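Undergrad: The following block contains the structure, expressed as structure tokens.
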Amino acid sequence: MIVGSDHRTPLGDVVNSQVKVAIVYYSATGSVAAIAQEMADAAEKLGAEVRLRKVAELAPRAVVEAKPEWKANAEATADIPEATADDLVWADAVIMGSPTRFGNIASQLKQFLDTLGGVWQQGLLADKVYSGFTSTGTLHGGQESTILALTHTFHHFGGIVVAPGYTHPHKFVDGNPYGTAHHDGGGTLAVDETTRESARVQAERVVKFARAISAAA
Ligand SMILES: Cc1cc2nc3c(=O)[nH]c(=O)nc-3n(C[C@H](O)[C@H](O)[C@H](O)COP(=O)(O)O)c2cc1C
């Protein structure tokens, strides 16, 4: 149902309706965190209400502190709240990000997903938009497999997977239709403008479909 000042453009977009977007991620050394922040900023600029959430760290503090980049990222993101099941229940759209771990998602994010059985069983994770992103150490390095691994869970939730595809000219630049993906060159390459534009394109598409689905519900 379209209410208030909402209206449809000739292309079928629903504008001016506020949707809730949860961006949930794990990041050890900061690349995924930077993409998550870019997506949060983009979604907010598009009028969405955003919850940016990191999942809990599982590695012992001594292990984190032994690696300067890991320690620095933990300190830089200390103020970002930890994700809870309620953040997903609350959201119209969920964007999840994880660094590649041997072509799969990080155990920290998997541990969070594995706490969601209760809300899943109540059907509270269904009928939402879901989308995924990642970062790797090497070019490609498991980028697509990691995002696809995330979508396994999205399907079990009864989610509506919104991938960027090649729906924007920038996707022919970044070349990944599955989602935003950075490669950090073994820790030497910061998230750059190409990846940031990918993040903005993906966030925009997620907000667009979250609005359309919310309006139709
Ligand atoms: C245990 C482990 C496994 C990894 N596996 C891969 C991999 O399969 N392919 C790859 O390109 N990078 C791999 N990496 C590198 C990270 O995915 C990469 O550095 C990523 O950008 C880190 O993201 P973050 O800065 O958000 O933590 C691995 C790193 C660790 C610690």
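Every number in this text was worked out from the coordinates using simple rules, so none of it is lab data. A quick note: this is a predicted structure, and the numbers were derived from the prediction, not measured. Quick reminder, even Gly has a Cβ in these numbers, built from the backbone with ideal geometry, and neighbours come from all protein chains shown.
Undergrad: List the chymotrypsin sites (Phe, Trp or Tyr not before Pro) within the stretch 56-105 that fall in a DSSP loop (any state other than H, G, I, E or B) and whose Cβ has at most 11 other Cβ atoms within 10 Å.
TA: Filter output for the stretch 56-105: Phe102.
Undergrad: Ok, one more. Translational diffusion coefficient of the chain at 20 °C, 1.002 mPa s, Stokes-Einstein with Kirkwood Rh over Cα pairs, in µm²/s as a whole number.
TA: Estimated via Stokes-Einstein, D reaches 123 µm²/s.
Undergrad: Could you work out the relative contact order of the stretch 26-77? I mean the mean sequence separation of Cα pairs under 8 Å and 6+ apart, divided by the number of residues, in percent.
TA: This gives 49 percent for the stretch 26-77.
Undergrad: Same structure again: Quick check on my link table: of Lys45/Lys208; Lys54/Lys208; Lys20/Lys171, which ones sit more than 21 Å apart, alpha carbon to alpha carbon?
TA: Among Lys45/Lys208; Lys54/Lys208; Lys20/Lys171, the Cα-Cα distance tops 21 Å for Lys54/Lys208; Lys20/Lys171.
Undergrad: Filter the GluC sites (Glu not before Pro) in the stretch 51-151 to those in DSSP coil with at most 10 other Cβ atoms within 10 Å of their Cβ, and list the result.
TA: Those that pass, being in a loop and sparsely packed, number zero.
Undergrad: Counting each DSSP H run of 4 or more residues in the chain as -39500 (n - 2.57), what helix-only mean residue ellipticity at 222 nm follows after dividing by all residues, to the nearest 500 deg cm²/dmol?
TA: -12000 deg cm²/dmol
Undergrad: With a length cut of 18 Å (Cα positions projected on each helix's long axis) and a Kyte-Doolittle mean of at least -1.0, go through the chain and give me the DSSP H helices that pass.
TA: Within the chain the helices that satisfy the rule are 31-45, 143-157, 193-216.
Undergrad: Out of every Cα pair in the stretch 132-207, what percent are spaced more than 20 Å from each other?
TA: Value for the stretch 132-207: 29 percent of Cα pairs lie more than 20 Å apart.
Undergrad: Within a 10 angstrom radius of the beta carbon, how do Tyr166, Tyr25, Tyr178 rank from fewest other beta carbons to most?
TA: With the fewest neighbours first, Tyr166, Tyr25, Tyr178 line up as Tyr166, Tyr178, Tyr25.
Undergrad: I'd like to know which of Ala72, Phe102, Val89 lies farthest towards the positive end of the charge dipole of the stretch 30-162, counting +1 on Cβ of Lys and Arg and -1 on Cβ of Asp and Glu.
TA: Farthest towards the positive end: Phe102.
Undergrad: Run the dipole for the stretch 19-216 about the Cα centre, Lys and Arg Cβ at +1, Asp and Glu Cβ at -1, nothing else charged, and hand back the magnitude in debye, nearest 20.
TA: 300
Undergrad: Continuing with the same structure: Calculate the length of the line joining the C-alpha centroid of the stretch 133-157 to that of the stretch 161-217, in whole Å.
TA: 13
Undergrad: Continuing with the same structure: For the chain, set up a Gaussian network in which alpha carbons nearer than 10 Å are linked by springs, and say which option among Ala42, Ala33, Ala78 fluctuates the most.
TA: Maximum among the listed residues: Ala78.
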